[in-house]
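Presented below is the structure to which this report refers.
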Amino acid sequence: MTGVQTCALPIYLQKRVEAALDQIDGRDLLTTHAFWTIFHGILGSGLEKTMLTDSLTKKKINAIDYICDGGKINGLQFDLTNDGLDVRIGPQFVGQGHQDQFIAEMAQWGMPFKRKFKVGGRDFTFEDFTRHSKMRSSVKKEQELSWAIIIIAQYYGTEIEWTNTYGEKLHYRDVVKYEVKASIDEAACGGTHRLFGMTWAYYLHLKAGGKTDGVWRDVAAKIETYKALAREQQGPDGACSTDYFKGKGRNPDPQMRISTSGHTVEWLALAMTDEELRSPWMQDAVNALSMQILDMKDSEVEGGALYHAAHGLHLYHMRVFGTPPAYLPLPPKK
């Protein structure tokens, strides 16, 4: 996007984002909640801040510590494989929903490679999950690689070459090409996860000194195309379209609005330049999402929707009002 119009950030915007995040943090995550809800909660608030409340003792414990120490959660199953550890998928909205989803979401908060996990009475590390993700990834098996693309780039770099468990010789660019060629509109959550994965990988590539050539030129073009579509489909109240990038969806359902705006803002908060984050239309989108959350203060909100929205607001807040962590790949400064 060129010729970005920016303006002074209104005083209320920071306070409104922080109020929405405080409201989300104030919602209890229980040890009796499903794994789907709990790991999305960690995505929304981070490894250090996300707490679980024991439903019996009412004692609060750190959520990722509980998982790493072998705590029991409905829908959580770690499986030993020939290449490391996998996270079992399903049941829907109880267990993990997509290939490598949990691991990629932990990576987005800087999960250390050597963080210990207790599985079946044995000690493993986060590396065991990342190695399995890399070795399982295939460009011939019709896999969802929108999360693996993050994991491989984050922990092994964007120039890695390897032979996977199926005997395929791969370069990381092959995974990127696979994702670039795949549909955005038909992908999970309107394609926001696919865009997020490609964007994360691209900015890591640039951070390591890579150039915008070959497949990376295609990634850059796709990022710009969908930024423009998000703006084009934006509603008059600032909210992102409930049809994501396909049209000007205006579904009034508050759960749908939080889910669609939350996922879109989450990707934009990663993809946009510093100047674009301060543009009036992006301010309006962030304000609308914050208000959607605040308006649901006394109502339940589905965990996937709520915590992707929270992650988006955290990314925006870190980049505009705070200091982004070193592990977060960002667009280069102009």
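Before we move on, is I293 within 17 Å of L315 (Cβ to Cβ), in contact with an Asp or Glu (Cβ under 9 Å, 6 or more places away or on another chain) and of a type in the set (A, V, I, L, M)? So I293 does not fit the description; no.
With R194, R231 as the choices, which residue is out of contact with any strand residue (DSSP E or B) (no Cβ under 7 Å at 6 or more places or on another chain), among the charged types (D, E, K, R) and open to solvent by 50 Å² or more (accessible area, probe 1.4 Å)? Within the list R194, R231, the selection yields R231.
K58 passes every criterion in (1) of a type outside the set (F, W, Y); (2) assigned to a helix (DSSP H, G or I); (3) surrounded by fewer than 15 Cβ atoms within 10 Å (Cβ to Cβ) apart from (2). Please indicate, with yes or no, whether at least one residue in segment 54-70 is within 18 Å of K297 (Cα to Cα) and within 19 Å of the chain's Cα centre (by Cα). No: zero hits.
The residues of segment 174-190 that are closer than 21 Å to S138 by Cβ and either out of contact with any helix residue (DSSP H, G or I) (no Cβ under 6 Å at 6 or more places or on another chain) or among the hydrophobic types (A, V, I, L, M, F, W, C) (or both), listed by number, are D174, V175, V176, Y178, V180, K181, A182, S183, I184, E186, A187, A188. Can you find even one residue in segment 136-155 that is over 20 Å from the mean Cα position of the chain (by Cα), of a type in the set (G, A, S), at negative phi and open to solvent by 50 Å² or more (accessible area, probe 1.4 Å)? No, every residue in segment 136-155 fails to be over 20 Å from the mean Cα position of the chain (by Cα), of a type in the set (G, A, S), at negative phi and open to solvent by 50 Å² or more (accessible area, probe 1.4 Å).
Output the number of the condition that G120 fails; it satisfies all remaining conditions of (1) of a type outside the set (S, T, Y); (2) more than 22 Å from the chain's Cα centre (by Cα); (3) at negative phi. With (1) of a type outside the set (S, T, Y); (2) more than 22 Å from the chain's Cα centre (by Cα); (3) at negative phi applied to G120, the lone miss is (3).
Within the option set K118, K169, being modelled with pLDDT of 95 or more, out of contact with any Cys (no Cβ under 9 Å at 6 or more places or on another chain), of a type in the set (D, E, K, R) and open to solvent by 20 Å² or more (accessible area, probe 1.4 Å) holds for one residue only, K169.
For segment 32-55, enumerate the residues that are in a loop (DSSP other than H, G, I, E, B), within 27 Å of G262 (Cα to Cα) and open to solvent by 30 Å² or more (accessible area, probe 1.4 Å).
At the first step, the residues of segment 32-55 found to be in a loop (DSSP other than H, G, I, E, B) are 32-34, 46-50, 54-55.
Narrowing the set further to residues that are within 27 Å of G262 (Cα to Cα) leaves 32-34, 46-50.
T32, H33, E48, K49 - these are the residues of segment 32-55 that are in a loop (DSSP other than H, G, I, E, B), within 27 Å of G262 (Cα to Cα) and open to solvent by 30 Å² or more (accessible area, probe 1.4 Å).
Is one or more of the residues making up segment 11-26 surrounded by fewer than 14 Cβ atoms within 10 Å (Cβ to Cβ), in a helix (DSSP H, G or I) and at pLDDT below 95?
Taking segment 11-26 first, the residues surrounded by fewer than 14 Cβ atoms within 10 Å (Cβ to Cβ) are 11-12, 15, 22, 26.
Going one step further and asking which of them are in a helix (DSSP H, G or I), we end up with 11-12, 15, 22.
Now drop any that are not at pLDDT below 95, which leaves 11-12.
There is at least one residue in segment 11-26 that is surrounded by fewer than 14 Cβ atoms within 10 Å (Cβ to Cβ), in a helix (DSSP H, G or I) and at pLDDT below 95.
Per-residue answers, yes or no, for (1) in contact (Cβ under 8 Å) with a residue 40 or more places away in the chain; (2) under 23 Å from T81 (Cβ atoms):
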residue: M135; (1), (2): yes, yes
residue: K140; (1), (2): no, yes
residue: S146; (1), (2): yes, yes
residue: A153; (1), (2): yes, yes
residue: E159; (1), (2): yes, no
residue: I184; (1), (2): yes, no
residue: G191; (1), (2): yes, no
residue: V219; (1), (2): yes, no
residue: T225; (1), (2): no, no
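Tally time: how many residues in segment 273-308 are over 18 Å from R231 (Cβ atoms) and either in contact with a strand residue (DSSP E or B) (Cβ under 6 Å, 6 or more places away or on another chain) or surrounded by 15 or more Cβ atoms within 10 Å (Cβ to Cβ) (or both)? The total comes to 13. Condition check for T225 on (1) over 28 Å from E142 (Cβ atoms); (2) assigned to a helix (DSSP H, G or I): one failure, at (1). Scoring P10 on the criteria (1) within 21 Å of the chain's Cα centre (by Cα); (2) in contact (Cβ under 8 Å) with a residue 60 or more places away in the chain; (3) more than 20 Å from E266 (Cα to Cα) leaves a single failure, condition (1).
Open to solvent by 10 Å² or more (accessible area, probe 1.4 Å) and closer than 21 Å to Q234 by Cα: is that true of H317 in this structure? Talk me through it step by step, then tell me what you get.
Working: open to solvent by 10 Å² or more (accessible area, probe 1.4 Å): yes; closer than 21 Å to Q234 by Cα: yes.
Here the answer is yes, as H317 does meet what is asked.
Against the conditions (1) open to solvent by 40 Å² or more (accessible area, probe 1.4 Å); (2) under 20 Å from E186 (Cβ atoms); (3) touching a Ser or Thr at 6+ places or on another chain (Cβ under 8 Å); (4) outside any helix (DSSP H, G or I), K246 satisfies every one except (3).
The values are calculated or read from the model by the stated rules, or taken from the named source; none is laboratory data. Not measured: the values here are computed from a predicted model. Counting neighbours? That spans all protein chains shown, and the Cβs are built from the backbone with ideal geometry, glycine included. To get the accessible areas, we keep the full protein, side chains included, count just its heavy atoms, and leave off ligands, DNA and RNA. Shrake-Rupley method; radii C 1.70, N 1.55, O 1.52, S 1.80 Å.
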